[in-house]
1. I'd like the Karplus ³J(HN,Hα) series for segment 125-132: coefficients 6.51, -1.76, 1.60, θ = phi - 60°, whole numbers in Hz, and an x wherever there's a Gly or Pro.
2. Which residue fluctuates most in the GNM of the chain (Cα springs below 10 Å): D317, D270, D51?
3. So which lysines can K19 reach, going by Cα to Cα under 28 Å and dropping same-chain residues fewer than 8 places off?
4. Could you give me the percent of Cα pairs per 10 Å distance bin for the chain, shortest bin first, beginning at zero and ending with the bin that holds the maximum distance?
5. When we measure straight from the Cα of K289, which aspartates and glutamates land under 16 angstrom away, once same-chain ones fewer than 8 places off are left out?
6. Which order do Y170, Y261 take when ranked by solvent-accessible area (1.4 Å probe, heavy atoms of all protein chains), largest first?
7. Normalised by the residues of the chain, what does the relative contact order come to in percent, with Cα pairs under 8 Å and at least six apart?
8. Counting only protein chains, not ligands or nucleic acids, how are R275, R372, R365 ordered by accessible area (probe 1.4 Å), most first?
Amino acid sequence: PHLAALVLARGGSKGIPLKNIKLLAGVPLIGWVLRAATDAGVFHSIWVSTDHDEIEKVAKQFGAKVHRRSPEVSQDSSTSLEAITEFLNHHHEVDIVGNIQATSPCLHPSDLIKVADLIQKEGFDSVFSVVRRHQFRWSEVKKGDNKMTEPQNLNPAKRYRRQDWPGELYENGSFYFAKRHLIEKGYLQGGKMAYYEMRAEHSVDIDIDIDWPIAEQRVLSFGYFGKEPLKEVKLLVCSIDGCLTNGRIYVTEDHKEMVSYDYRDIVGIDLLKKRGIQVRLISDRDCSKTLSAMQLGCVAKVNVTNKLQVLKDWQEDMGLSWKEVAYLGNEESDVECLKQAGMNGVPADACAAAQKAAGYICKSRGGCGAVREFAEHIFLLLEKVNSARKQ
């Protein structure tokens with residue numbers, strides 16, 4: 001049976017404009033679930049259903065196919081079931097739909113693999129995600145009613161300790177898998193049903209109970225970053241023009257060049273060095289006088305015609321794996337380096353080709369704190385590496 005992953009990503013949002021492609025920890029929100037779906041390796045096709053050009057562009061960058069949904073199922077009042085039904089009407093090859101919620105950025109491929117087994121090998125018609133919660137419920141008393149509240153799932157005279165109570169299962173909305181015949185009858189849950197219990201730390205729903213800064217911290221702690229395990233970064237290579245500086249060159253009347261930089265970026269470089277991470281700089285043009293004036297104390301290579309070769313030489317000389325190399329670039333000349341490095345990023349104003357190749361897109365522009373921001377990102381990921389080691 002053809003199992004298709006389907007992410008519903010409408011352009012309209014009552015809360016955050018274009019929320020589905022807003023950057024979360026440097027990655028478009030929808031990118032987190034598309035990465036998990038791709039690496040699960042259980043889907044015959046991966047789709048994004050959208051009505052918006054920018055969402056379509058991001059979806060294709062992450063390797064998904066795009067179904068352009070009609071205006072009729074793109075309204076605020078439109079239901080997920082209506083959008084999924086329309087998708088099936090256009091894709092008769094699909095037998096099972098795995099509807100994955102775009103706002104669940106801590107989803108892992110291992111969850112999707114196990115769910116695929118439940119529905120393909122064990123014969124369930126529908127499988128949905130739940131999370132276990134330890135919350136005591138009480139009946140609601142409306143204002144003006146002369147009633148007392150009543151306990152719903154506890155005896156107040158004998159309250160459970162958390163460790164003595166298994167808790168209850170609640171839908172968390174991360175995904176709903178269902179066979180075609182069920183959806184065509186108007187159901188996402190039905191027939192022979194099963195739930196899949198997700199770990200609490202992976203059960204993040206931005207729509208319901210979490211705001212953006214907190215979500216970023218959760219993703220950095222519990223998100224899925226790819227098939228290969230993270231390694232501690234030992235080397236950061238940074239493009240000078242457009243990353244360390246804003247890319248502008250000021251020329252005086254006596255033909256001297258001047259550039260500007262942000263002191264926060266210098267602090268970021270110093271912090272990286274203190275953590276034992278080497279910082280090296282690279283540039284297409286000869287800016288040796290500028291570097292000398294900045295007194296950064298970093299190894300630098302200027303007037304470079306092949307940045308990737310220089311990066312490979314440094315990596316080999318230091319005896320590092322690519323997972324231990326980070327690269328911050330902003331131009332087309334940086335694209336191959338961004339693809340090669342284990343960790344990569346670009347400033348907010350990097351060219352389109354560089355942004356497409358980047359795993360992290362800074363909120364800051366080049367020369368305006370992007371290096372410091374990327375350094376902070378590296379530090380957070382190092383914490384994730386250290387936490388994984390302890391576990």
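1. Those phi angles translate into 8, 8, 9, 9, 8, 9, 9, 8 Hz.
2. D317
3. Straight-line reach from K19, under 28 Å: K57, K60, K65, K227, K339, K356, K363, K384.
4. 5, 20, 26, 21, 16, 9, 3, 1, 0
5. The reachable aspartates and glutamates, counting only those whose Cα sits under 16 Å from K289, are D241, D254, E257.
6. Accessible-area ranking of Y170, Y261, largest first: Y261, Y170.
7. Rounded, it is 14 percent for the chain.
8. Numbers: R275 110, R372 70, R365 135 Å².
Heavy-atom accessible area, descending, gives R365, R275, R372.
The values are calculated or read from the model by the stated rules, or taken from the named source; none is laboratory data. On a predicted model such as this, the values are computed, not experimentally measured, just so you know. Just the protein is used for accessible areas: all its heavy atoms, side chains included, with ligands, DNA and RNA removed. Shrake-Rupley method; radii C 1.70, N 1.55, O 1.52, S 1.80 Å.
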